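I have placed the structure first, in the form of structure tokens, so that the comments after it can refer back to it.
The values are calculated or read from the model by the stated rules, or taken from the named source; none is laboratory data. Worth saying up front: this structure is predicted, and the values here are computed from it rather than measured. Don't worry about glycine lacking a Cβ; one is built from the backbone with ideal geometry, like all the others, and counts go over all protein chains shown. Surface areas here come from the heavy atoms of the whole protein model, side chains and all, with no ligands, DNA or RNA. Shrake-Rupley method; radii C 1.70, N 1.55, O 1.52, S 1.80 Å.
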Amino acid sequence: MVHLGTTQSPIDTEDNLTLDPENWSALREVAHRALDEALDFQMSVRDKPVWRPVPEQTEALLSSPAPSAGQDAETVVEDMLRHIVSYPAGHAHPRFWGWVCGTGTPIGMLADMLAAGVNASSGTFNDAPSRVEAQVLRWMRDLFDFPEGASGIVTSGASVANIIGMAVGRDAVLTEDVRGQGLGSVAGTPTVYASEQVHSSVDKAMQLLGLGLKNLRKVPVDEAYRMRVDVLATMIAEDREAGCRPIVVIGNAGTVNTGAIDDLEAIAALARREALWFHVDGAIGALAAISPRLRPRLRGLSQADSIAFDFHKWLYVPYEAGCVLIRDGEQHRRSFSAAASYLETPARGIAALADSSNTRGPQLSRGFKALKVWAQIREFGFDRLGRLHDQNVAHVQHLARLVDAAPGLELMAPAPLNILCFRYVPSSLPETAWDAVNQELLMRLQEDGIAAPSSTRLRGHFVLRVANTNHRSRREDFDLLVRETLRLGGEIEAAWAAGEVPAR
Ligand SMILES: Cc1ncc(COP(=O)(O)O)c(C=O)c1O
């Protein structure tokens, strides 16, 4: 429990207590140093290990209780530099390809700093930050060929974007007053459809929206991990027959495991026929629409009723920033508006904002995440960003060729976008050992600071997974990954064959 001192003298109204520094020029020096360190970090990140474990000193600092007395800003900044920002997971590194993590950029960092500097929130006030977010949303609306009446909101990420898109879909399709009366007023069980490769955030959305996990029907996939739309049609018919209420179908524009893109055109047509809401989880792949080369792979995307996607993945924006677009803006606002006397919109003044984000999502107060997205698109333009998407995909194809050519490696799935799954094949060992060898191999790649792929399981096999949303990677980084995978794999295989426990 925090001990709050009782010996403090009472406040005198002339004390003018504040949290601003007494000595601004001293703080300015500390601030300049912090900015320099942050820029140095990005400039020289290639020379560092991808990841280092958190040292004991940092663990000790981060186990201490809340202080009663404060310390000078210099000490606090020094602790942040030495103990905290020196030990990140490694997302900014050119050989970080785990999960799906963007790399961040200097301009994004500066934008976040400026947004924090004026303590801006976004979306609820009559100010420039709200207009920046509105402009970013218009840019996205145009990118995805959504109509003028479409709306959207910048979110923390695609998890929340999925929740919002699915909530609007639920309210749009169900004729009952779900918002007022709850799901208990609905006749028949509302049912949602997605491929069995759908991201776990959709499971969470089912729980949070009161729809229930068991009412998310996982549709089987084909050999390329795309939803079987023919089976989807059968499942919908069977559910209707059984008295269920199909409401939403979710298409993947890039699955988390392999980057598979569902046949969005076919799903859109089926959703129209069945009067279902068509939501696309485009967390990984939707922004490939920026690249004229990749855009044709997303055919059907612009027919969606809602699209969730992430700026902090394939737009390389620093954490965190995602987005959801809703084709029917009025429907969007109906799902989230809530009357409150203290939030009236007057004709003029600070609160005179016609389209408050408070009617487009669950949050009232929101950080100014749109600024880093705006700044990034302003600095690089869609041309440069689209070319980087092409480069990410070309690098993954290069890696696929290397894996295919290496006798000790095996491709485990097609790589239609920027994700590749493969494994080391310890052919001298029984197949029952292969998963464990690859698990050990992955940990060593990370522990040695060489590279950071992550893993998944495909058709029961443990596989190494490279998701390339990295604007710092070079071709030679993938060459090194293959070399080191073969070297470490060989070491582990030999130790295993000699009867040694492979763990270090
Ligand atoms: C396909 C897909 N959907 C949704 C998400 C969730 O996104 P976020 O982590 O931005 O909430 C992810 C995250 O990796 C994803 O890959």
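Just the C-alpha atoms of the range 120-368: what Rg/Rh do they give, with Rh taken as the Kirkwood radius?
Values: Rg = 17.8 Å, Rh = 18.4 Å.
Using Cα coordinates only, the ratio equals 0.97.
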Considering only protein heavy atoms, what is the solvent-accessible area of W374 at a probe of 1.4 Å, reported in Å² to the nearest 10?
60
Compare E476, E484 by solvent-accessible area with a 1.4 Å probe and give them largest first, with all protein chains kept in place.
E476, E484
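Relative to the Cα centre, what is the charge dipole magnitude of the range 212-367, using +1 at the beta carbon of each Lys and Arg, -1 at the beta carbon of each Asp and Glu, and rounding to the nearest 20 debye?
Working: 20 positive and 18 negative charges, 52 e Å.
So the magnitude is around 240 debye.
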Among K48, K204, K313, what's the order by accessible area (1.4 angstrom probe), most exposed first?
K204, K48, K313
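What number in nm² do you get for the range 367-427 if you take the convex hull of its Cα atoms and divide its surface by four?
Averaged projected hull area, Cα only: 6.1 nm².
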Number of Lys pairs in the chain closer than 15 Å at Cα, excluding neighbours under 8 places apart unless interchain, is 4
Cα shape, the range 1-153, gyration tensor, a/c 1.5 rule
oblate
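If eta is 0.692 mPa s and T is 37 °C, what Stokes-Einstein diffusion coefficient results for the range 413-504, Kirkwood Rh from Cα pairs, in µm²/s? Show your work: numbers first, answer last.
Numbers: Rh = 13.8 Å.
Rounded to a whole number, D works out at 238 µm²/s.
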Using a 1.4 angstrom probe with every protein chain in place, what is the largest-first accessible-area order of S159, S25, S122?
S25, S159, S122
Kindly identify the chain as rounded, prolate or oblate by the Cα gyration tensor criterion: order the square roots of the eigenvalues as a ≥ b ≥ c, call it rounded if a/c is under 1.5, otherwise compare a/b with b/c, prolate if a/b is larger, else oblate.
oblate
